[in-house]
Amino acid sequence: MAMSSSLAAIRRRAVAPSPLAARARAMASLFGHVEPAPKDPILGVTEAFLADPSPDKVNVGVGAYRDDNGKPVVLDCVREAERRIAGNLNMEYLPMGGSIKMIEESLKLAYGEDSEFIKDKRIAAVQALSGTGACRLFADFQRRFLPDSQIYIPTPTWSNHHNIWRDAQVPQRTFTYYHPESRGLDFAGLMDDIKNAPNGSFFLLHACAHNPTGVDPTEEQWREISYQFKVKNHFPFFDMAYQGFASGDPERDARAIRIFLEDGHQIGCAQSYAKNMGLYGQRAGCLSILCEDEMQAVAVKSQLQQIARPMYSNPPVHGSLVVSIILNDPELKSLWLKEVKGMADRIIGMRKALRENLESLGSHLSWDHITNQIGMFCYSGMTPEQVDRLTNEYHIYMTRNGRISMAGVTTGNVAYLANAIHEVTKTK
């Protein structure tokens with residue numbers, strides 16, 4: 001009897017789960033309700049492209065510059081800045097607000113070299129994790145200090161804008177921007193929405209090279225928008241991801257901001273060096289808010305730093321060094337201006353080539369919008385079904401809203417791309 005009791009005890013111990021296994025099962029059930037997140041529509045395009053074995057495949061979905069051979073580019077000015085950094089500078093933490101030198105140069109780029117607002121120290125500014133981080137910092141600032149406010153976002157816009165203000169728990173509204181029939185700006189609808197929004201509303205504006213449409217207001221339209229903002233006491237927050245990359249001239253690309261400054265607005269501005277310096281992976285950017293006076297700017301900056309502290313504590317150092325060295329050195333800055341114009345000119349040239357190829361194929365559609373739009377993207381007007389045909393029949397990859405990344409168009413593939421677009425858009 002004693003023997004059988006001992007054997008039973010041994011068997012119970014053998015089948016009993018160990019404390020570690022039991023804990024693992026408990027943890028598994030704790031997160032068992034978590035479903036896989038939906039794939040990012042833009043990153044998903046690249047994944048599908050990489051998995052396609054076709055030698056004819058073309059990726060015009062990626063929002064990163066490529067040379068005429070379809071290869072990533074590192075600017076010569078960046079290479080030289082990195083050469084100066086290597087072995088000469090330490091990698092200590094930056095302050096919570098980031099690199100003072102980078103911020104100073106960024107403000108000159110956005111507000112003007114001789115800006116009175118810089119001289120009067122009216123701008124609260126911090127280094128940010130590129131444009132995305134700058135937008136998120138502002139969204140959290142808006143939520144914390146203006147909890148009853150909401151943000152008006154253009155239709156359409158970069159999809160991450162909605163994610164940023166949603167996760168910051170700022171209520172969102174939309175305003176009219178794009179006109180599908182003309183494939184241009186719906187200026188009348190835009191102005192109506194500005195007029196009808198409650199006084200003192202926050203609006204997200206693309207400073208230049210609107211993403212995804214490539215449609216920008218004219219200078220005269222910007223002046224009318226600024227005037228109506230003044231009448232309604234709206235607050236403009238500019239996302240400037242493409243300064244210099246749009247037209248090839250950073251001053252021209254900042255014109256919308258300068259108009260609002262001339263008209264006496266307080267503004268917010270998110271800057272990114274991903275596109276115009278090719279620093280995609282360095283996450284180099286700046287957030288600035290124009291305040292009423294220096295005292296207010298000091299207070300606002302201190303609060304932006306407090307928001308950043310539990311997020312990421314300090315911004316990264318390498319990208320800030322690259323930016324500040326380039327913009328602070330006259331020779332390197334001159335080289336950068338030349339190189340950023342070269343990137344913009346190549347994209348403008350590819351727009352012209354794509355339109356000419358489509359027209360030479362006898363397309364009965366108007367493709368004027370390809371050259372009327374500006375910046376990285378062309379909003380083609382193709383339907384999701386037509387885009388699916390491009391992918392399935394021609395191995396051409398882009399987002400299903402018909403957005404073409406002109407950076408992926410080269411002299412080697414433009415004729416193939418144009419022919420495929422013609423085939424899927426022509427009427428039978």
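Residue-wise test of (1) crowded, with 17+ Cβ neighbours inside 10 Å; (2) outside any strand (DSSP E or B); (3) modelled with pLDDT of 95 or more.
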position	(1), (2), (3)
N160	no, yes, no
W165	yes, yes, yes
V170	yes, yes, yes
F175	yes, no, yes
S182	no, yes, no
L190	yes, yes, yes
D193	yes, yes, yes
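Scan M311, M343 and give me the residue that is under 24 Å from T132 (Cα atoms), surrounded by fewer than 20 Cβ atoms within 10 Å (Cβ to Cβ), of a type in the set (A, V, I, L, M, F, W, C) and under 24 Å from the mean Cα position of the chain (by Cα). It would help to see each step written out before you state the result.
Values: M343 fails: surrounded by fewer than 20 Cβ atoms within 10 Å (Cβ to Cβ).
Residue meeting the stated conditions: M311.
If I go through region 76-103 residue by residue, how many of them are without any contact (Cβ under 8 Å) to a residue 24 or more places away in the chain and of a type in the set (D, E, K, R)?
Of all residues in region 76-103, those without any contact (Cβ under 8 Å) to a residue 24 or more places away in the chain come to 79, 83, 86-88, 90, 100.
Then keep just the ones that are of a type in the set (D, E, K, R); that gives 79, 83.
Number of matching residues: 2.
Could you give me the residue pairs with C-beta distances under 8 Å whose first residue belongs to region 50-75 and is assigned to a loop (DSSP other than H, G, I, E, B), whose second residue is exposed (fewer than 14 other Cβ atoms within 10 Å of the Cβ) wherever it lies, and which are 6+ apart or on separate chains?
A64/P72; Y65/P72; D68/T411; D68/G412; N69/G412; G70/G412; V73/D67
Is it the case that S149 is over 21 Å from M240 (Cβ atoms) and open to solvent by less than 60 Å² (accessible area, probe 1.4 Å)? Reasoning before the result, please.
On the way: over 21 Å from M240 (Cβ atoms): yes; open to solvent by less than 60 Å² (accessible area, probe 1.4 Å): yes.
For S149, the condition - over 21 Å from M240 (Cβ atoms) and open to solvent by less than 60 Å² (accessible area, probe 1.4 Å) - is met.
Scan A274, A299, A353 and give me the residue that is out of contact with any Pro (no Cβ under 6 Å at 6 or more places or on another chain) and surrounded by fewer than 16 Cβ atoms within 10 Å (Cβ to Cβ).
Details: A274 fails: surrounded by fewer than 16 Cβ atoms within 10 Å (Cβ to Cβ); A353 fails: surrounded by fewer than 16 Cβ atoms within 10 Å (Cβ to Cβ).
Only one candidate passes the filter, namely A299.
When region 38-49 is examined, which residues are found to be part of a helix (DSSP H, G or I) and open to solvent by 80 Å² or more (accessible area, probe 1.4 Å)? Let's see the steps before the verdict.
Initially, region 38-49 is screened for residues part of a helix (DSSP H, G or I), giving 41-49.
Answer for region 38-49, where residues must be part of a helix (DSSP H, G or I) and open to solvent by 80 Å² or more (accessible area, probe 1.4 Å): P41, L43, E47.
Of everything in region 83-135 that's of a type in the set (A, V, I, L, M, F, W, C) and open to solvent by 80 Å² or more (accessible area, probe 1.4 Å), which residue is nearest to L205 (Cα to Cα)?
Narrowing region 83-135 to residues of a type in the set (A, V, I, L, M, F, W, C): 85-86, 89, 91, 94, 96, 100, 102-103, 107, 109-110, 117-118, 123-126, 128-129, 134-135.
Cutting the leftovers down to open to solvent by 80 Å² or more (accessible area, probe 1.4 Å) gives us 89, 91, 100.
On the way: L89: 37, M91: 35, I100: 26 Å.
It comes out as I100.
What pairs can you find where one residue is in region 153-170 and not assigned by the TED database to the domain that holds V62, the other is of a type in the set (S, T, N, Q), and their Cβ atoms are less than 6 Å apart, with a gap of 6+ or different chains?
I153/Q172; I153/T174; T155/T174; W158/N211; W165/Q172; V170/Q142
Within region 336-354, can you find the residues that are over 20 Å from S366 (Cβ atoms) and of a type in the set (G, A, S)? Working first, answer last.
Let us first name the residues in region 336-354 that are over 20 Å from S366 (Cβ atoms), namely 336-347, 349.
If the condition is that a residue be over 20 Å from S366 (Cβ atoms) and of a type in the set (G, A, S), then G342, A344, G349 are the ones that fit.
Given the structure, is T213 under 23 Å from A246 (Cβ atoms), surrounded by fewer than 22 Cβ atoms within 10 Å (Cβ to Cβ) and touching a strand residue (DSSP E or B) at 6+ places or on another chain (Cβ under 9 Å)?
On the way: under 23 Å from A246 (Cβ atoms): yes; surrounded by fewer than 22 Cβ atoms within 10 Å (Cβ to Cβ): no; touching a strand residue (DSSP E or B) at 6+ places or on another chain (Cβ under 9 Å): yes.
So T213 fails the test.
Testing C77 on (1) modelled with pLDDT under 95; (2) in contact with a helix residue (DSSP H, G or I) (Cβ under 7 Å, 6 or more places away or on another chain), one condition comes back false. Which one is that?
(1)
Out of A407, A353, A344, A415, which single residue is small (G, A, S), closer than 23 Å to T218 by Cβ and part of a helix (DSSP H, G or I)? Write out each step before concluding.
Numbers: A407 fails: closer than 23 Å to T218 by Cβ; A353 fails: closer than 23 Å to T218 by Cβ; A415 fails: closer than 23 Å to T218 by Cβ.
One residue alone meets the criteria, A344.
Exactly one of (1) within 24 Å of the chain's Cα centre (by Cα); (2) more than 21 Å from C286 (Cβ to Cβ) is unmet by G63. Its number?
Result: G63 fails condition (2) only.
Out of (1) surrounded by fewer than 13 Cβ atoms within 10 Å (Cβ to Cβ); (2) at pLDDT 95 or above; (3) farther than 27 Å from G375 by Cβ, what's the single condition that is false for A22?
In the conditions (1) surrounded by fewer than 13 Cβ atoms within 10 Å (Cβ to Cβ); (2) at pLDDT 95 or above; (3) farther than 27 Å from G375 by Cβ, A22 misses (2) alone.
Please go through region 395-428 and give me each residue that is open to solvent by 40 Å² or more (accessible area, probe 1.4 Å) and either touching a Gly at 6+ places or on another chain (Cβ under 9 Å) or not aliphatic (A, V, I, L, M) (or both), ordered by number. Please lay out each step first, then the result.
Step one: filter region 395-428 for residues open to solvent by 40 Å² or more (accessible area, probe 1.4 Å), giving 395, 400-401, 411-412, 415-416, 419, 423, 426-428.
H395, R400, N401, T411, G412, Y416, N419, E423, K426, T427, K428 - these are the residues of region 395-428 that are open to solvent by 40 Å² or more (accessible area, probe 1.4 Å) and either touching a Gly at 6+ places or on another chain (Cβ under 9 Å) or not aliphatic (A, V, I, L, M) (or both).
Could you pull out the residue among L337, L365 that is assigned to a helix (DSSP H, G or I), over 21 Å from V58 (Cα atoms) and open to solvent by 10 Å² or more (accessible area, probe 1.4 Å)? Steps first, please.
On the way: L365 fails: assigned to a helix (DSSP H, G or I).
Of L337, L365, the one residue that is assigned to a helix (DSSP H, G or I), over 21 Å from V58 (Cα atoms) and open to solvent by 10 Å² or more (accessible area, probe 1.4 Å) is L337.
The values are calculated or read from the model by the stated rules, or taken from the named source; none is laboratory data. Just so it is clear, the structure is predicted and the values come from calculations on it, not from any experiment. We place every Cβ from the backbone using ideal geometry, glycine too, and count neighbours over all the protein chains shown. Quick note on the areas: whole protein, heavy atoms, side chains included, nothing else; ligands and nucleic acids left out. Shrake-Rupley method; radii C 1.70, N 1.55, O 1.52, S 1.80 Å.
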